[in-house]
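The values are calculated or read from the model by the stated rules, or taken from the named source; none is laboratory data. Quantities reported herein were computed from a predicted structural model and do not represent experimental measurements. Quick reminder, even Gly has a Cβ in these numbers, built from the backbone with ideal geometry, and neighbours come from all protein chains shown.
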Amino acid sequence: MNSTTSARQKPATGLGPQLRRRKSIQQMIGDSESSSSGGALRRTLGMWQLTMISVGATMGTGILVILGATVPIAGPAIWISFVIAGVTALLSAVSYAEMAGMVPVAGSSYSYSYATMGEGIAWICGWCLVLEYAVSVAAVAVGAGEYVNETLRAFNMELPASLAGGPAEGGVVNLPALIVVVLATLLLVRGARESAIVNTVVVVIKAGILVFFSIVAFSAFNAGNFEPLLPMGAAGVTAAASSVFFSYIGFDAASTAGEEAKNPKRDLPRAIMLSMLIVTLTYVLVAVSAIGAREWTWFEGTEAALVQIVGEITGQPWLVLVFALASVLAIASVVLTVLYGQTRILLSMSRDGLVPAAFGKVSKRTGTPVIGTLITGILVAITAGFIPLGALADATSIGTLFAFALVGVSVMYLRRKQPLAPRTFKVPFYPITPILGVLACLFLMSQLSWHTWVVFGGWMLVGIILYLAYGRRRSVLGQLSKQEYIDSHLGNK
């Protein structure tokens, strides 16, 4: 025990070489099949369930509330902003599809970066994913209080102000947000299959609600609402695209299920591409129908535009109630699937020694990382219930875009280093597509405000300190001598 502790306190190599050390794909797959952490994850998910995980993590409250904030920026051309953001996400999605087929493990872009760019970039990517998943799920859950109140108002009831929002909103605790996260955590502890079944049902319901909205909105469609198309100019469209990109965050959730998919090399690429198609078409349909139903100036200051449009067109309060209930379900679905992805990424990082071992212990009874799920769920629940997220939530898009860009680089690296390796999906029009994907991500990052960059820089600084203080000294690869590392890495040559 003492020798192990001593070894962990003194890496076998210098900082520079350790940051560049890569983990072979074969070693990653071998670690995922090992039961040394108490048990292996169970392969129970088919293509449809994987697709629903991605759709569930992506299609959340964003589309229900984001029009009020983005239509005033882009005008009637908001649907073009959704297309731009969707194309950007798609350019990254095809890279994710290729990598998911080659590296069918739970770490998503963290694992892809480890196999191509080394431990240093992998840690940065993993830290970005913590921002993307943990912070975004807390930010989404915070909206639960308002939508629960929307539901209760249909019955002339309302939550007390002290329970409808955290201290930043003048309350004591956002009780609905806390409850949603706790319930999602308990469901994830039971098993991935049970969670996937519940998520599939919820995704079908909320997709149906959005289609129903589009039908209602098209009944009051006025083509004149699209004139002028670009009142805020092209700059407004691209600025809005950076904002609505938040609505596409989550499509990569299926890639975190690499170790629980029945046939990951075949199904993961298909699920990622199918989910992107479903989400993009739905978003554009909703945006076009909403603008057709109301002039673009109407949306300014409107927090729940879709609910209001349905209520005004139909005059039926019960439909408003249905939309409010669907919004709560949308929140629950996003919380469930994104929290799932976060626990699987932390599991992969734990195997590599970069985060505590508790996150990597898999229960033999449930086939899930029970301890890691409970720790993550508790921390997210506290964050959602009590802590104002502010600009940290805004920085989520930067962290996500950065991780997406790294996946495009990973594809190009492996195409160069392992051109003959078997690939169940190949990025079309290589190398143009991954290059465009990386450039598109960098462009959208450049459109975000400077204070968001400052917050992101602070987040990265904290991550670097944590790596140097903890991860570097406990890294599995960092403990290997140069010859041991070469021997373990031969499978990646």
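Identification of helices (runs of 4 or more DSSP H) wholly contained in segment 342-459 with 3 or more residues that are under 28 Å from Pro104 (Cβ atoms) and among the small types (Gly, Ala, Ser) yields 396-417.
Of the residues making up segment 217-252, those that are surrounded by fewer than 24 Cβ atoms within 10 Å (Cβ to Cβ), hydrophobic (A, V, I, L, M, F, W, C) and in contact (Cβ under 8 Å) with a residue 24 or more places away in the chain are Ala217, Phe218, Ala220, Phe221, Ala223, Phe226, Leu229, Leu230, Met232, Val237, Ala239, Phe246. As for segment 356-365, it holds no residue that is touching a residue at least 12 places away in the same chain (Cβ under 8 Å) and under 16 Å from the mean Cα position of the chain (by Cα).
If we scan segment 164-182, do we find a residue that is touching an Asp or Glu at 6+ places or on another chain (Cβ under 8 Å) and touching a residue at least 24 places away in the same chain (Cβ under 8 Å)? Checking segment 164-182: not a single residue is touching an Asp or Glu at 6+ places or on another chain (Cβ under 8 Å) and touching a residue at least 24 places away in the same chain (Cβ under 8 Å). Note on segment 422-442: residues that are of a type in the set (A, V, I, L, M, F, W, C) and without any contact (Cβ under 8 Å) to a residue 40 or more places away in the chain total 5. So is Tyr112 closer than 14 Å to Lys23 by Cβ, assigned to a helix (DSSP H, G or I), at pLDDT 85 or above and among the aromatic types (Phe, Trp, Tyr) or not? Considered against the rule, which asks whether it is closer than 14 Å to Lys23 by Cβ, assigned to a helix (DSSP H, G or I), at pLDDT 85 or above and among the aromatic types (Phe, Trp, Tyr), Tyr112 comes out as yes. Exactly one residue among Gly107, Gly120 is closer than 25 Å to Ile465 by Cβ and modelled with pLDDT under 85, and that residue is Gly107. Criterion first (surrounded by fewer than 24 Cβ atoms within 10 Å (Cβ to Cβ), without any contact (Cβ under 8 Å) to a residue 60 or more places away in the chain and either among the β-branched types (Val, Ile, Thr) or touching a Pro at 6+ places or on another chain (Cβ under 9 Å) (or both)) does Gly311 satisfy it? Yes: the conditions hold for Gly311. The set of residues in segment 343-373 that are crowded, with 24+ Cβ neighbours inside 10 Å and of a type in the set (S, T, N, Q) comprises Thr343, Ser348, Thr368, Thr373. Scanning segment 215-240 for residues that are more than 15 Å from Leu319 (Cβ to Cβ), not in a helix (DSSP H, G or I) and not polar (S, T, N, Q) returns Phe221, Glu227, Pro228, Leu229, Leu230, Pro231, Met232. Candidates Gly408, Gly491, Gly458: the one that is modelled with pLDDT of 80 or more and farther than 30 Å from Gly170 by Cβ is Gly408. Filter segment 443-456 down to the residues that are of a type outside the set (A, V, I, L, M, F, W, C) and free of Cβ contacts under 8 Å to residues at least 24 places away in the same chain and list them by number. Ser446, the sole residue that qualifies.
Just one of (1) among the basic types (Lys, Arg); (2) at pLDDT 80 or above; (3) surrounded by fewer than 19 Cβ atoms within 10 Å (Cβ to Cβ) fails for Arg42. It is (2).
Given the conditions (1) outside any helix (DSSP H, G or I); (2) over 20 Å from the mean Cα position of the chain (by Cα); (3) crowded, with 17+ Cβ neighbours inside 10 Å, and given that Leu306 satisfies all but one, which numbered condition is not satisfied? It is condition (1) that Leu306 fails. Of all residues assigned to segment 253-272, none qualifies as being buried (at least 23 other Cβ atoms within 10 Å of the Cβ), modelled with pLDDT under 85 and under 13 Å from Ser81 (Cβ atoms).
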